[in-house]
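Working notes for the structure below.
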Amino acid sequence: MAQFNKVLDVAGVSKRFGDVEVLSDVSFQVDKGETVCVLGPSGSGKSTLLRCINWLERPDAGQIYLNGERVGINGASIVMGDRDLSKIRTRIGMVFQHFALWPHLTVLQNLMEAPVQVQRRPKAEVRDEALALLSKVGLSEKRDAFPARLSGGQKQRVGIARALAMRPDVLLFDEPTSALDPELVGEVLVVMRDLAREGMTMVIVTHEMGFAREAATRVLFLDRGRVVETGSPDRFFSNAETERARQFLQRYAGDTANGRR
Amino acid sequence: MIHDFGVVWSERALLLSGLANTAILSTLSAIAALLLGFIVTPALMSKQPAVAGAARVFVDGMRCVPFLLFAYIVYYGFPSFGVRLDNWTSGLAALTIYNAAYMAEILRGAWVVQPREPIEAGVAFGFSEIGLFRRIILPPLLLSAGPVIGNQMIQIIKDSAFLTIIALPELTHAASSIQSRHYVPFAAFITAVFLYWGLCLVIEAGVSSIGRVAEARR
């Protein structure tokens, strides 16, 4: 089967909010083990694209396949019911810009909640795995802390571990470091870089150009809801094809020179 | 005056059974009202206008009716429709239904100020419908609305005094029967006031322990 290695297939996805066309005819594929970084100016539809993949936003047109299985629409081209939708969502991990941890649960409970309650996996097994994930993101000693007691960087590392605890087929990151103080960005990027190296399949919306250049297997450049350019990070950053991408990169280079991210 | 309190003391068994009945009545209807609130609140927040509208009519309707009148309707009015409830059942039903509207409104108020992202994360992680509400939305609501819910429980205790009019043997009823039998109104009623106050202190203690739980998560 040709699709065997294709974890995610986004085909012709469009989305509009009222009169504004946020995404128009966006298509791309993600192979197993790839790290795809989605770049673009703010308002270019990057976050909406991610949210369409797991149907947090319902696309107006287009198809999304996860390992060959249609997301959001079942065989009879009917919109999926909550149960089917929730089943397929458990296979798409998501990391949020503002962490979105559940405030009433401890760190360990945050990791265990969905695997136990939604996936109905045995508690003991989930717990062992969650503890291993916490040690992987360097937060073993915080397992009984509540999210409110953590720094932003720690919260986001918990957010990543929480997504991994679902054993997802693909991990979506929605600007995972944008809400962090500059000195806390590094600790989160380290974890993401490790995941990329281990072959986790990831789609990352980010403004961290350094990270994208170094860790991405492929870059997707979005502008005004369209994929303007896609390719290897080396080529994109040193020799972008389109004028728009070059302008975008120039502005970032300028910002970095001025000491801004 | 000392003598009056002596009379009340001699009737302590009656007062204590009134106190116990008030405590039972208030506890049961507070729990039932909160549970009903768990159903009415998602209805208030429903995206279906018919569901939200019906819930809104119930909540606003209840909040605009004096409790005494509502208790009259349940006890004296329902029998005209063939629903005849004894005083305990109608008292409990009236207190519960009436306060469910308040509980629902309290929870709704806490819900609309909750951050959106953790709930969205619940959806993204596969929670839906009842599971989403019970595991992700409700616990933070209860923690943040804890003090206001406690306040409403105190209101329930005080509302239960109205049920003396349907001859429910609760604390006010006991105090009132002591005063009419012995003509010691001040001693009988002030004793009842202190007993109500004691009940409210218990609620306050409960609220502050919820407050500590919430504080650790804030």
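Looking across A:Leu39, A:Leu50, one residue alone is out of contact with any Cys (no Cβ under 7 Å at 6 or more places or on another chain) and within 14 Å of another protein chain (Cβ to nearest Cβ). It is A:Leu50.
For the range B:21-60, a residue qualifies if it is surrounded by fewer than 17 Cβ atoms within 10 Å (Cβ to Cβ), at pLDDT 95 or above and small (Gly, Ala, Ser), and the qualifying residues are B:Ala50, B:Ala52, B:Gly53, B:Ala54. Working only within the range A:65-84, note down all residues that are surrounded by fewer than 16 Cβ atoms within 10 Å (Cβ to Cβ) and assigned to a loop (DSSP other than H, G, I, E, B). Result: A:Gly68, A:Asn74, A:Gly75, A:Ala76, A:Ser77, A:Ile78, A:Gly81. The set of residues from the range A:74-101 being of a type in the set (Gly, Ala, Ser) and out of contact with any strand residue (DSSP E or B) (no Cβ under 7 Å at 6 or more places or on another chain) comprises A:Gly75, A:Ala76, A:Ser77, A:Gly81, A:Ser86, A:Ala100.
Looking only at the range B:136-148, decide whether some residue is in contact with a Pro (Cβ under 7 Å, 6 or more places away or on another chain) and closer than 30 Å to B:Thr22 by Cβ. Checked the range B:136-148: no residue is in contact with a Pro (Cβ under 7 Å, 6 or more places away or on another chain) and closer than 30 Å to B:Thr22 by Cβ. Would it be correct to say that A:Pro59 is crowded, with 18+ Cβ neighbours inside 10 Å and either in a helix (DSSP H, G or I) or within 7 Å of chain B (Cβ to nearest Cβ) (or both)? Criteria not met by A:Pro59. Across the range A:1-42, the number of residues qualifying as buried (at least 18 other Cβ atoms within 10 Å of the Cβ) and without any contact (Cβ under 8 Å) to a residue 40 or more places away in the chain comes to 0. Criterion first (among the acidic types (Asp, Glu) and in contact (Cβ under 8 Å) with a residue 40 or more places away in the chain) does A:Glu183 satisfy it? The answer is no for A:Glu183. Scanning the range A:74-110 for residues that are of a type in the set (A, V, I, L, M, F, W, C) and on the phi > 0 side of the Ramachandran plot returns A:Phe99, A:Ala100. On the stretch given as the range A:124-145, residues that are within 14 Å of another protein chain (Cβ to nearest Cβ), in contact with a helix residue (DSSP H, G or I) (Cβ under 6 Å, 6 or more places away or on another chain) and assigned to a loop (DSSP other than H, G, I, E, B) total 1. Take B:Ala216 and tell me if it is among the small types (Gly, Ala, Ser), within 30 Å of B:Gln114 (Cβ to Cβ) and at pLDDT below 90. In short, yes.
Does A:Val219 satisfy being surrounded by 13 or more Cβ atoms within 10 Å (Cβ to Cβ), of a type in the set (A, V, I, L, M, F, W, C) and in contact with a Pro (Cβ under 8 Å, 6 or more places away or on another chain)? Answer is yes for this residue. For the structure I just gave you, tell me whether B:Phe81 is loosely packed, with under 13 Cβ neighbours inside 10 Å, of a type outside the set (Val, Ile, Thr) and more than 23 Å from the chain's Cα centre (by Cα). The answer is yes for B:Phe81. Only one of the numbered conditions (1) under 21 Å from B:Glu129 (Cα atoms); (2) touching a helix residue (DSSP H, G or I) at 6+ places or on another chain (Cβ under 9 Å); (3) within 14 Å of another protein chain (Cβ to nearest Cβ) is not met by A:Ile88, and that is (2).
The residues listed here are B:Val193, B:Val184; of these, the one that is more than 14 Å from chain A (Cβ to nearest Cβ), free of Cβ contacts under 8 Å to residues at least 24 places away in the same chain and among the hydrophobic types (A, V, I, L, M, F, W, C) is B:Val193.
In the range A:150-261, counting only helices (runs of 4 or more DSSP H) that sit wholly within it, the ones holding 2 or more residues that are touching a Phe, Trp or Tyr at 6+ places or on another chain (Cβ under 9 Å) span A:152-164, A:182-198, A:209-215, A:243-257. The set of residues in the range B:1-56 that are touching a residue at least 12 places away in the same chain (Cβ under 8 Å) and small (Gly, Ala, Ser) comprises B:Ser17, B:Gly18, B:Ala23, B:Ser26, B:Ser29, B:Ala30, B:Ala32, B:Ala33, B:Gly37, B:Ala43, B:Ala55. In the range B:112-125 there is at least one residue that is out of contact with any Cys (no Cβ under 7 Å at 6 or more places or on another chain), more than 14 Å from chain A (Cβ to nearest Cβ) and within 18 Å of B:Ile39 (Cα to Cα).
The values are calculated or read from the model by the stated rules, or taken from the named source; none is laboratory data. Note that the structure is a prediction, hence the values are computed from the model and not measured. All Cβ positions, even for glycine, are placed from backbone atoms using ideal geometry, and neighbour counts span all protein chains on display.
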